[in-house]
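One structure below.
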Amino acid sequence: LEFYSNPVSADRKLVNDLKALSYIGISVKQGYTNCSVCAVSDDALITSDPSIYKACSSEGLDVLYIDKPIASLEGFEYGFIGGSSIRLSDTDIAFTGQITNEEIRGKTDSFLRKYGKTAVYLTEKVLFDTGSAIVF
């Protein structure tokens, strides 16, 4: 199992605790990475951040890199995939709205199927960033 963090800003105790549990730390430049990542499985993710893509790919993770903004965020030029997606269960990844770029939607759906996941599109709106969601 992997985790990604900025070694400068990450809580050192938490990083050490994760490493003690055999998690592998992947260093990235971002202070907060959750907004830039849609976790598909323990070994696969979707991101539009080139440095996260490079760092995770070089550690052997399967990464779908999306090279265009696909989410909106009120007051900003674009939103992020992590703030627009929620891992609901072992089989379902929810998206806040529709991925309107058909090529990217096709790649995303195919990538999810590769890991036994199904995309659940929660609204008919264009995909939008809500921040982070935690499912209990």
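Residues that are closer than 16 Å to Ala44 by Cα, open to solvent by less than 20 Å² (accessible area, probe 1.4 Å) and in a loop (DSSP other than H, G, I, E, B) within the range 60-88 comprise Leu61, Ile66, Ile81, listed in sequence order.
Given the options Phe80, Phe95, name the one that is within 13 Å of Thr123 (Cβ to Cβ), touching a strand residue (DSSP E or B) at 6+ places or on another chain (Cβ under 9 Å) and without any contact (Cβ under 8 Å) to a residue 60 or more places away in the chain.
It is Phe95.
Every test in (1) of a type outside the set (A, V, I, L, M, F, W, C); (2) in contact with a helix residue (DSSP H, G or I) (Cβ under 9 Å, 6 or more places away or on another chain); (3) closer than 16 Å to Gly131 by Cα; (4) at pLDDT 90 or above is passed by Asp67 save one, and that test is (3). For Thr96, the requirement of being of a type in the set (Val, Ile, Thr), open to solvent by less than 20 Å² (accessible area, probe 1.4 Å) and within 13 Å of the chain's Cα centre (by Cα) is not met. The residue list Tyr23, Tyr4 contains one member that is modelled with pLDDT under 85, surrounded by 21 or more Cβ atoms within 10 Å (Cβ to Cβ) and either among the aromatic types (Phe, Trp, Tyr) or on the phi > 0 side of the Ramachandran plot (or both), which is Tyr4.
The values are calculated or read from the model by the stated rules, or taken from the named source; none is laboratory data. Bear in mind that the values here come from a model prediction, so they are computed numbers and not experimental data. Neighbour counts run over all protein chains shown; Cβ positions are idealised from the backbone, glycine included. Note: areas computed on protein heavy atoms with side chains; ligands, DNA, RNA excluded. Shrake-Rupley method; radii C 1.70, N 1.55, O 1.52, S 1.80 Å.
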